[in-house]
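Accompanying notes for the structure given below.
The values are calculated or read from the model by the stated rules, or taken from the named source; none is laboratory data. None of these values were measured; they are calculated from a predicted model. All Cβ positions, glycine included, derive from the backbone under ideal geometry; neighbour counts span all protein chains shown.
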Amino acid sequence: MEDRSLRNTQGKPPIIELTNAYSRGANRNSKSRDDLRATHSNGVCEELKTSERLMMRHVPTIRSWISLVVIVAFTSDAWSATWVQAPRTSGPLLPVELVVLGIAQDAGFPQAGCDKNCCRQAWADPSLRRRVASLGVIDHATGQCWLFDCTPDFPSQLRMLDERYRLGSEPIPSQREPPGLEGIFLTHAHIGHYAGLIHVGREVMGADKIPTYAMPRMEKFLIGNGPWSQLVELENIVLKPMQAGTEVRLNRRLTVTPFLVPHRDEFSETVGFTIKGPSKSVTFLPDIDKWSRWDRSIEKLIEQVDLAYLDGTFFENGEIPGRDMALIPHPFVAESINRFAALDETQRKKVRFIHFNHTNPVLQVGSKSAQEIKRAGMAIAVEGEVVGL
Ligand SMILES: [Zn+2]
Ligand SMILES: [Zn+2]
Ligand SMILES: [Zn+2]
């Protein structure tokens, strides 16, 4: 019997400690699945420095976590079903969970060098900051975790994933050691989606053979360019080729299927993922040029899944003054609202926008744009929200 009971609902808020889960992992005996676990061989000092810096930048304290939940209550749509829940600190919703680890565009929020109104408040108040878009999937019954995109916020996102994993029932939650990563799935070679891999190399984690799923051009890019090539040579990562439309089986009850989308493919092709659990399926599509440039119907895709995290980079045209937005095409949220108005309510409810540029007004507390999305029957993804798969 694979499933274990999920009886313990005690837990802690995600990411509140500075202790390092993986340094413990490095001291224990590695056997069987542990072989795939990321362990530290060196670089602990650098790691602690990195952690501290990132914690100062990003990690909410209990108080800011509570304020995040309060802000969310005012800025986002309600969680439409019991299997999609607000950032939570209690035990697993279901044995298989998906966690939203970040919601911002590649650059995060606030963005480097930005002192405009969009970012000023977030610089002053760390609880308003948001990590780069990424999802984590946890199978509490088998003790496995996967990451979707490896962002510049990888250190704190891995920590979030570990903390969420610890809320599982066995052994005692607080003593549950994080399992490391069973796999990393990469959408494409823009910096927000793979640059976090710098942390698995010799200067930081010295990870051991993390299965890293990549499309053919993405694979070639990693093999052919430093410093990524060193991760392959030292076997910090082991590349696992993917093919568009071909299902990757993660375990008995979880699959991932990549699908190609049009995007500015300078270094690699771009994919989205459909993740299927035992009872629900979720699509993650953080980057696409325009819905109309795709040879597939986004509406059909929405129909086929239970939830869709979709590209919400910009709210509307003109959002970046002085820059030709045609050179960085994305479906504006306003365009998506118009387009999806033709869908019935059940379909629109599945849409949760993600991957917000720092200029996107939905990142601002109490924004009218977020209300507009809500009125249109859709929602914005919230960092830390949990989906029972
Ligand atoms: Zn992106
Ligand atoms: Zn800004
Ligand atoms: Zn991109």
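Brief remarks on what is shown
- Every pair of residues 6+ apart whose Cβ atoms lie under 9 Å, when the first sits in the stretch 110-133 and is over 19 Å from THR151 (Cβ atoms) while the second is hydrophobic (A, V, I, L, M, F, W, C) and at pLDDT 95 or above: ASP115/TRP123; CYS118/PHE109; CYS118/LEU363; ARG120/CYS114; GLN121/LEU128; TRP123/CYS114
- Of residues in the stretch 321-355 being within 25 Å of the chain's Cα centre (by Cα) and part of a loop (DSSP other than H, G, I, E, B), the one surrounded by the most Cβ atoms within 10 Å (Cβ to Cβ): HIS355
- Cβ-Cβ under 8 Å pairs, at least 6 apart or on other chains, the stretch 184-201 side farther than 11 Å from PHE148 by Cα and touching a residue at least 60 places away in the same chain (Cβ under 8 Å), far side surrounded by fewer than 22 Cβ atoms within 10 Å (Cβ to Cβ) and hydroxyl-bearing (Ser, Thr, Tyr): HIS199/THR50
- In the stretch 180-194, residue surrounded by the fewest Cβ atoms within 10 Å (Cβ to Cβ) [restricted to those that are part of a loop (DSSP other than H, G, I, E, B) and more than 16 Å from ligand 1 (Cβ to nearest atom)]: GLU182
- Residue among LEU239, LEU231 that alone is touching a residue at least 24 places away in the same chain (Cβ under 8 Å), surrounded by 17 or more Cβ atoms within 10 Å (Cβ to Cβ) and in a helix (DSSP H, G or I): LEU231
- Only one of the numbered conditions (1) under 20 Å from SER292 (Cα atoms); (2) more than 16 Å from ligand 2 (Cβ to nearest atom); (3) surrounded by fewer than 17 Cβ atoms within 10 Å (Cβ to Cβ) is not met by GLY318, and that is (2).
- Test: ARG264 is among the basic types (Lys, Arg), at pLDDT below 95, at negative phi and more than 16 Å from ligand 2 (Cβ to nearest atom): yes
- Taking every residue in the stretch 298-325 that is of a type in the set (A, V, I, L, M) and pairing it with any residue that is in a helix (DSSP H, G or I), at least 6 positions away or on another chain, the pairs with Cβ-Cβ distances below 8 Å are ILE298/TRP291; ILE298/ARG339; ILE302/PHE340; ILE302/GLN347; ALA308/LEU301; ALA308/ILE302; LEU310/ILE298; LEU310/SER336.
- Counted residues, the stretch 99-143 - those being within 16 Å of ligand 1 (Cβ to nearest atom) and outside any strand (DSSP E or B): 9
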